[in-house]
Amino acid sequence: MLILGVIIEYAATSLDRPFSYAYKGNKIIKEGIRVYVEFAHRKVVGYVVSVAPSSLNLEEYQQETGIKIKEIESIIDEEPLFNEELSLLSKKIASYYFAPLISVYQSMLPPSLKPKSSSLSKPKIAYESFYVPLSSCEEGLSAKQKELLRLINKEKEIAKKDISSLSVLKKLEEKNLVKEIKKEKIRLIQEDVPLEEYKELNDEQEKAFKEIVFGNDRSFLLEGVTGSGKTEVYLHASRELIKQGKSVLMLVPEISLTVQMVRRFKARFKKIAILHSGLTPSEKYDEYRRIAKGDVSIVVGARSAIFAPLKNIGLIIIDEEHSETYKQESSPFYNAITVAFMRQEYHNCKVVLGSATPSLETKIRALRGVYHQLYLKKRYNENELPHTEVIDMLKPSNIDTKSVILSLRLREEIQKNLQNHEQTLLLINRRGFAPFVTCRKCNRVSRCPTCFLPLTYHKEDKMLKCHHCGYVEEEEKECPKCGSTLFSKVGFGTEKVESEISALFPEAKTLRLDSDVTKIRMKASSIITSFEKEEADILIGTQMIAKGHDFKNVTLVGIVLADLGLNIPSFRSNERSFDLLTQAIGRAGRSTKKGRAIIQTYVPNNFVIYDAKTQDYNRFFNEEMANRKTSQYPPYVYCTMLTFSCKEEEAVKEAAIFFKKYLEAKFATKKVWVIGPSEPYLVVMNGKYRRKILLKYKNIEDIKEEILQIISLSTKNKKVQVTVDVDPYTDY
Ligand code: ADP
Ligand code: ZN
Ligand code: ZN
């Protein structure tokens, strides 16, 4: 008989330990496979973490140990899901992030391999299903159903895999409002890219390349403005390491927004895997197997690609390393950059962090010599940076009587661009039409019933939406409080800018890119490609339009309201705003024509806006470092955020105060600051009230024991749950 240690699929800290099960059969059981077991009267998926033979039979075992154990129900895999390195890595991550092991496994594996019941029903698709509309009649539909029906009617045809809510879809199908059509499956998006020659590197690039590939250091910061030729350095370094028989892992912030970068990698490498969200679960599985078998020598992907089962890694590249997308905002709350350095320990490989605006944490490490600093100081084609103007939106002379959104200057410049057949980007970092809807009579604000945050009005499908939890409802016809039928739609987002632009420039062709658009999965890249092909004059969008694209004919970038990000109560809001503005401005004039940028703001003297205008990273770095020092935030200290949650508000309040006192007593002699408890930005999430406590410290060793203690205390308490976020990206 074998005694198996099995961790089960529920990612709760209270269940984060192996449970014993027996196996009486004669198959070979290896650590790291999935099995079915019965747990709390349910059949669940478990992951085997230990296998120990026992000479006793089940009854004797139970008598001897006094533990009642069950047999496993069945075996799912024959071979372990992880190789040795990834298995060690998972333990390192769980320990660093105080996370349940199972949540680490679930983050590391592709959908059909996750130790999770829902993963085992992933279909093998030979045909691909599409849905077409039969009717637009909305009688008796819920808001979610209407939202989807309107989308299908608008798009005429949507692939089933691109529809996020299948249960809503099923309802529409039952009501005969949409129907399924099947088409033979095309291995999509494997666009064939003709092979491309390597470009000869200039002196700066050559120096960076040589240091990375042949130098003694292992970790690098490659700092260079957009267009300075970083990608060309990545390509050369990758080629060289592959020539040496190594493999390469390249991370980008988001695949659908980096089509051009991906194309350039495809044009240079044959044995490449691209991991992106447009793949179906079975395609992801195929790619994963291909990588594990050693059929590819280079992998390009977003955050979770850091877990690609590549062997013999020689180089890990993290492009736009300052991007917030490298941090996963759910358990285990890992950061792909931290994981990259964990993999470096095993493979002894090179890690290159690339950015035009490195995060403060990265930059300070480079300044202190932890990372070898490399620069690309000039734009490759020696193009000047765009000429940038800041427009004070409070100054009457700047106001355009024809528009509430555009200043006179920006409208004139857009007009000029239309005449010259040059393209324009307009950035407004908020989607939807209006961020508030209020009753004109009683001033009631429409709010999300679960998060209590104001709902955003979306004009395209006439819905009110919560941008935090995805809740949608019909536009209200009358105020539930006073019955009035008059509403004000306050403020503006991408949809409103779009409609204003169409009104002001009826002849212009516009496209919009924000995360509403990405509800249809490959839509973002098709919009980008279309704009690249100059099929439209103006692209309006959120931060998604600022990321790394190389639009040759864009000569004007307008930032419709630069202040949005500055008002967010987070220690990182200045940094994020600076990054976004700098990146957006950098989109103008990438080719032969000179670029210009216009920043509209109510706070023209804010240092972030000034530094973005002058594209002065160093000045920004120094000023913001001084702020962080005064307020004691990273990189001066490290942080860990504890979030407590419970269905009852009183209980969570009490627990948070209890833990605060507990921690303060423990840390009385150590250099640890306990901040809070306070209300997080989302006071309610998934029906649970929340409170947070922020720990600031110089050395993680000072808090480890106490955090484990808190996890174990709250596990016993059962009512109040705690989640631990080590190195949180923000603190609100
Ligand atoms: P970054 O990644 O820093 O934004 P890229 O690598 O995309 O910069 O380079 C910007 C532009 O300059 C691209 O069009 C690229 O093809 C071109 N370029 C870069 N390096 C070279 C080189 N050594 N020779 C010729 N063209 C280059
Ligand atoms: Zn009212
Ligand atoms: Zn909500």
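In what sequence, highest mean first, do 410-423, 549-562 appear when ranked by Cβ atoms within 10 angstrom?
Values: 410-423: 16.9, 549-562: 23.0.
Descending mean neighbour count gives 549-562, 410-423.
Please work out the ratio of the alpha-carbon Rg of the range 213-329 to 2.2 N^0.38 Å and round it to two decimals. List each step's numbers first, then the result.
Values: Rg = 13.8 Å, N = 117, 2.2 N^0.38 = 13.4 Å.
Working it through for the range 213-329, the quotient is 1.02.
For Asp616 and Phe436 in one chain, what is 0.36 nm times their gap in residues minus the Cα-Cα distance, to one decimal in nm?
Values: separation 180, 0.36 × 180 = 64.80 nm, distance 3.50 nm.
Contour length minus the Cα-Cα distance gives 61.3 nm.
Relative to the longest principal axis of the C-alpha atoms of the chain, give the angle of the C-alpha long axis of helix 408-419, reported between 0 and 90° and rounded to the nearest 10°.
90 degrees
Given R₀ = 25 Å, FRET efficiency for Glu389-Ser515 by Cβ-Cβ distance, to 0.05? Display every interim value, and only then the final one.
Working: r = 29 Å, r/R0 = 1.16.
In this case the efficiency is close to 0.30.
With Kirkwood's inverse mean 1/r over C-alpha pairs for Rh, give me the Rg to Rh ratio of the range 538-673, two decimals please. Mind dumping the intermediate values first?
Details: Rg = 20.7 Å, Rh = 18.1 Å.
Rg divided by Rh gives 1.14.
Please report, in Å, the Rg and the Dmax of the range 445-579, where both are computed over Cα atoms only.
Using the Cα atoms of the range 445-579, the pair Rg, Dmax is 17.1, 53 Å.
Just the number please: accessible area per residue for the range 271-403, 1.4 Å probe, all protein chains included, in Å².
Values: 5270 Å² over 133 residues.
With all protein chains present, the range 271-403 gives 40 Å² per residue.
For the chain, what is the convex hull volume of the alpha-carbon atoms per residue, in Å³? Intermediate values should be presented prior to the final figure.
Numbers: hull volume 141.2 nm³, N = 732.
Residue-normalised Cα hull volume stands at 193 Å³.
Can you list the residues, at least 5 places off or on another chain, whose amide H is less than 5 Å from the amide H of Phe487, using H built in the peptide plane?
Here the answer is Arg440, since their amide H atoms fall under 5 Å of that of Phe487.
Could you check the simple spin-label distance between Asn443 and Lys243, using points 7 Å along Cα→Cβ, in nm with one decimal?
Between Asn443 and Lys243, the simple spin-label model gives 7.1 nm.
Once the Cα atoms of the range 323-394 are picked out, what are the Rg and Dmax in Å?
17.2, 56
With N set to the residue count of the range 129-228, report its C-alpha Rg divided by 2.2 N^0.38 Å to two decimal places.
Details: Rg = 25.1 Å, N = 100, 2.2 N^0.38 = 12.7 Å.
This ratio for the range 129-228 stands at 1.98.
Per residue, how much space in cubic angstrom lies within the convex hull of the C-alpha atoms of the range 435-475? Please list the in-between numbers first.
Numbers: hull volume 2.7 nm³, N = 41.
Value for the range 435-475: 66 Å³ per residue.
Amide H of Tyr375: which non-local residues (sequence gap of 5 or more, or other chain) have their own amide H closer than 5 Å, using H built in the peptide plane?
The answer is Glu223.
Per residue, how large is the accessible surface of the range 548-605? Use a 1.4 angstrom probe and give square angstrom. Intermediate values should be presented prior to the final figure.
On the way: 1740 Å² over 58 residues.
Result: 30 Å² per residue.
Determine, for each peptide in 221-229, 362-370, the mean count of other beta carbons within 10 angstrom over its residues, then list the peptides with the highest first. Mind dumping the intermediate values first?
Values: 221-229: 23.1, 362-370: 15.9.
So the order, starting with the most tightly packed, is 221-229, 362-370.
Given H placed on each backbone N at 1.01 Å, which residues far from Leu426 in sequence or on other chains put an amide H within less than 5 Å of it?
Placed amide hydrogens put Leu539, Ile540, Gly541, Gly558 under 5 Å from Leu426.
Helix 203-214 versus the longest principal axis of the chain: what is the Cα-based angle in degrees, 0 to 90, to the nearest 10?
The angle comes out at about 0 degrees.
I'd like to compare 194-204, 614-624, 108-118, 650-660: which one has the highest average count of other Cβ atoms within 10 Å, and what's the full order after that?
On the way: 194-204: 11.0, 614-624: 16.5, 108-118: 20.5, 650-660: 18.0.
Final packing ranking: 108-118, 650-660, 614-624, 194-204.
Give the residue list of GluC sites (Glu not before Pro) in the range 1-108 that are DSSP loop and have at most 12 other beta-carbon atoms within 10 angstrom. Walk me through the numbers on the way to the answer.
Numbers: sites: Glu9, Glu31, Glu38, Glu59, Glu60, Glu64, Glu71, Glu73, Glu78, Glu84, Glu85; in loops: Glu9, Glu31, Glu73, Glu78.
Sites meeting the loop and neighbour criteria: Glu78.
With a 1.4 Å probe and every protein chain kept in, tell me what percent of the accessible surface of the chain is carbon plus sulfur. The partial results should precede the final answer.
On the way: 16780 of 33350 Å².
Its accessible area is 50 percent carbon and sulfur atoms.
Which ³J(HN,Hα) values in Hz, rounded to whole numbers, follow from the phi angles of the range 49-54 under the Karplus curve 6.51 cos²θ - 1.76 cosθ + 1.60, where θ = phi - 60° and Gly and Pro get x?
10, 8, 10, 10, x, 9
Can you tell me the relative contact order of the chain? Whole percent, Cα pairs under 8 Å, sequence separation 6 or more. Don't skip to the end; give the middle numbers.
Working: 1386 pairs, mean separation 78.9, N = 732.
It comes to 11 percent, rounded to a whole number.
Across the range 287-303, in residue order, what do the Karplus-derived ³J(HN,Hα) couplings come to in whole Hz, using 6.51 cos²θ - 1.76 cosθ + 1.60 with θ = phi - 60° and x for Gly and Pro?
For the range 287-303, the Karplus-derived couplings read 4, 4, 5, 4, 5, 4, 6, x, 7, 10, 10, 8, 10, 10, x, 8, 2 Hz, x marking Gly and Pro.
Could you go through the range 612-628 in sequence order and give the Karplus-derived ³J(HN,Hα) for each residue, using 6.51 cos²θ - 1.76 cosθ + 1.60 with θ = phi - 60°, rounded to whole Hz, and x for Gly and Pro?
Along the range 612-628, the couplings run 5, 4, 8, 6, 9, 4, 5, 5, 4, 4, 5, 5, 6, 4, 4, 4, 5 Hz.
How long are the semi-axes of the ellipsoid equivalent to the range 595-732, from square roots of 5 times the Cα gyration tensor eigenvalues, in whole Å, largest first?
Working: eigenvalues 254, 78, 24 Å².
Result for the range 595-732: semi-axes of 36, 20, 11 Å.
What is the dipole size for the chain, taken about its Cα centre, with +1 at each Lys and Arg Cβ and -1 at each Asp and Glu Cβ, in debye to the nearest 20? Walk me through the numbers on the way to the answer.
Details: 113 positive and 96 negative charges, 139 e Å.
For the chain, the charge dipole is close to 660 debye.
Quote to one decimal, in nm, the extra length available between Ser330 and Glu460 on full extension: 0.36 nm per residue of separation minus the C-alpha distance between them. Could the numbers behind the result be given before it?
Numbers: separation 130, 0.36 × 130 = 46.80 nm, distance 3.05 nm.
Extra length available between Ser330 and Glu460 comes to 43.7 nm.
Nearest 10 degrees is fine. How inclined is helix 494-504 to the longest principal axis of the chain, computing both from alpha carbons?
20 degrees
Using all alpha carbons of the range 1-108, what is the percent of pairwise distances in each 10 Å bin, ordered from the shortest bin to the longest?
14, 46, 31, 8
Quick one: length gained pulling Gln260 to Ser167 fully straight, 0.36 nm per residue minus the C-alpha distance?
Details: separation 93, 0.36 × 93 = 33.48 nm, distance 3.50 nm.
Stretched out fully, the Gln260 to Ser167 stretch lengthens by 30.0 nm.
Please sort by residue number the trypsin sites (Lys or Arg not before Pro) in the range 1-74 whose DSSP state is loop and whose Cβ has at most 14 other Cβ atoms within 10 Å. Could the numbers behind the result be given before it?
Details: sites: Lys24, Lys27, Lys30, Arg34, Arg42, Lys43, Lys68, Lys70; in loops: Lys24, Lys27, Lys30, Lys68.
Those that pass, being in a loop and sparsely packed, are Lys24, Lys27, Lys30, Lys68.
Sticking with the crude label model, points 7 Å out along Cα→Cβ, report the distance from Asp203 to Ser403 in nm, one decimal please.
4.4 nm
Give the residue list of GluC sites (Glu not before Pro) in the range 489-519 that are DSSP loop and have at most 11 other beta-carbon atoms within 10 angstrom.
On the way: sites: Glu495, Glu498, Glu500, Glu507; in loops: Glu507.
Passing both the DSSP loop test and the Cβ count: Glu507.
What distance in nm separates the simple spin-label points at His41 and Lys670, each placed 7 Å from Cα in the Cβ direction?
Going by the 7 Å Cα→Cβ label model, 4.2 nm.
The values are calculated or read from the model by the stated rules, or taken from the named source; none is laboratory data. This structure is a prediction, so every number in the text was calculated from the model and none was measured. All Cβ positions, even for glycine, are placed from backbone atoms using ideal geometry, and neighbour counts span all protein chains on display. Side chains included, ligands, DNA and RNA excluded: accessible areas come from the protein's heavy atoms. Shrake-Rupley method; radii C 1.70, N 1.55, O 1.52, S 1.80 Å.
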